[in-house]
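Okay, so here's the structure we're looking at.
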Amino acid sequence: MKRQQNFSREHLAYLKKRKRKNIFVTIMRWAMLVAALGLWELLARFNVIDSFIFSSPSRVAQTIGGLYANGTLFYHVGITLGETVAGFFIAVALGYIIAVALWSSETLRRIFEPYIVVLNSLPKIALGPLIIIWLGTGNTAIIFMTVIVSLIVCIMNTLAGFLAVDETKLTLMKAMGAGKLTTLKKLVMPASLPTLMNTLKVAVGLAWIGSIMGEYIVSKAGLGYLIVYGGQVFKLDLVMSATFILCVLAGGMYALIALVERLVVKQF
């Protein structure tokens, strides 16, 4: 009550309206998901679609239950999740370090910019055979694929955030005698924080793409392996189940990044 007394009546009304809107958005999100799953199940039950080809929510649930019962569910999930998280952090850290280096030197940036653009446009799947030769068929190769899929975008997005800092503020820092390192720590990094958060969100999706792409090529375990194996033996329930688990994991990882973003924003 004491906190509410510090706000005007109009502001309190605005906060209530915003809270109702957020609740409405959350309800609609879940309602759309439930409606989509319900429609899918009904279409399969009444043979409007072929449940062998398109599967159904109930068959997906049974398949996931079977994976859990035979002890392989968390084994495959753990492998893919570990590869994705490792590749994600390596790509973000390397991308940030390289972006700092390119920001600190215009000459360096002009030298490497065309190569970065070319590497970004290169279909990473084309490197699959080379990755197998270089790194073998273990987890290292999959993590490497995850890194190269995510790295260039992390560099480009982070560097764009650095370069978007207000030129007037940069001039002021220079006039006050601040060096490159001080300017980076005191101005550029804090000012580019929203861009970094957006980069993390983009990198989440790319990391999952990279890990699954790597598992398509070299893996003998993981969710990508289950998808490939299920397609080869026409166990399409397995394919849909692994895809559903991927969606849940990717959504959870994105939600975690969004939570970190909210916590970080409160600190600044």
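Counted as qualifying within region 128-240 are the helices (runs of 4 or more DSSP H) with 3 or more residues that are β-branched (Val, Ile, Thr), at negative phi and touching a helix residue (DSSP H, G or I) at 6+ places or on another chain (Cβ under 7 Å), namely 139-163, 193-218. Given the criterion in contact with a Phe, Trp or Tyr (Cβ under 8 Å, 6 or more places away or on another chain) and in contact (Cβ under 8 Å) with a residue 24 or more places away in the chain, identify the matching residue among THR158, THR137. Only one candidate qualifies: THR158. Under 17 Å from the mean Cα position of the chain (by Cα), in contact (Cβ under 8 Å) with a residue 12 or more places away in the chain, closer than 16 Å to ASN120 by Cβ and surrounded by fewer than 22 Cβ atoms within 10 Å (Cβ to Cβ): is that true of VAL153 in this structure? The answer is yes for VAL153.
Looking across region 108-141, the residues that are charged (D, E, K, R) and either modelled with pLDDT of 80 or more or closer than 19 Å to THR158 by Cβ (or both) come down to ARG109, ARG110, GLU113.
Residues checked against (1) closer than 30 Å to ALA203 by Cβ; (2) of a type in the set (S, T, N, Q); (3) in contact (Cβ under 8 Å) with a residue 40 or more places away in the chain:
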{"residue": "TRP30", "(1), (2), (3)": "yes, no, no"}
{"residue": "GLY65", "(1), (2), (3)": "no, no, no"}
{"residue": "HIS76", "(1), (2), (3)": "yes, no, yes"}
{"residue": "ILE79", "(1), (2), (3)": "yes, no, yes"}
{"residue": "ARG110", "(1), (2), (3)": "yes, no, no"}
{"residue": "PRO123", "(1), (2), (3)": "yes, no, no"}
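Listed by first and then second residue, the pairs linking a residue in region 226-249 that is hydroxyl-bearing (Ser, Thr, Tyr) to a residue that is not in a helix (DSSP H, G or I), with Cβ atoms under 6 Å apart and 6 or more places separating them unless they lie on different chains, form an empty list.
In region 156-189, the qualifying residues are those that are under 31 Å from the mean Cα position of the chain (by Cα) and among the small types (Gly, Ala, Ser), and the one that is nearest to LEU127 (Cα to Cα) is ALA160.
Taking the criterion of being surrounded by fewer than 12 Cβ atoms within 10 Å (Cβ to Cβ), among the aromatic types (Phe, Trp, Tyr) and not assigned by TED's automatic domain parsing to the domain that holds LYS185, would at least one residue in region 53-70 satisfy it? No, that holds for no residue.
The values are calculated or read from the model by the stated rules, or taken from the named source; none is laboratory data. Being a predicted model, the structure only gives us computed values, none of them experimental. For neighbour counting, all protein chains shown are included, and Cβ atoms are generated from backbone atoms with ideal geometry for every residue, glycine included.
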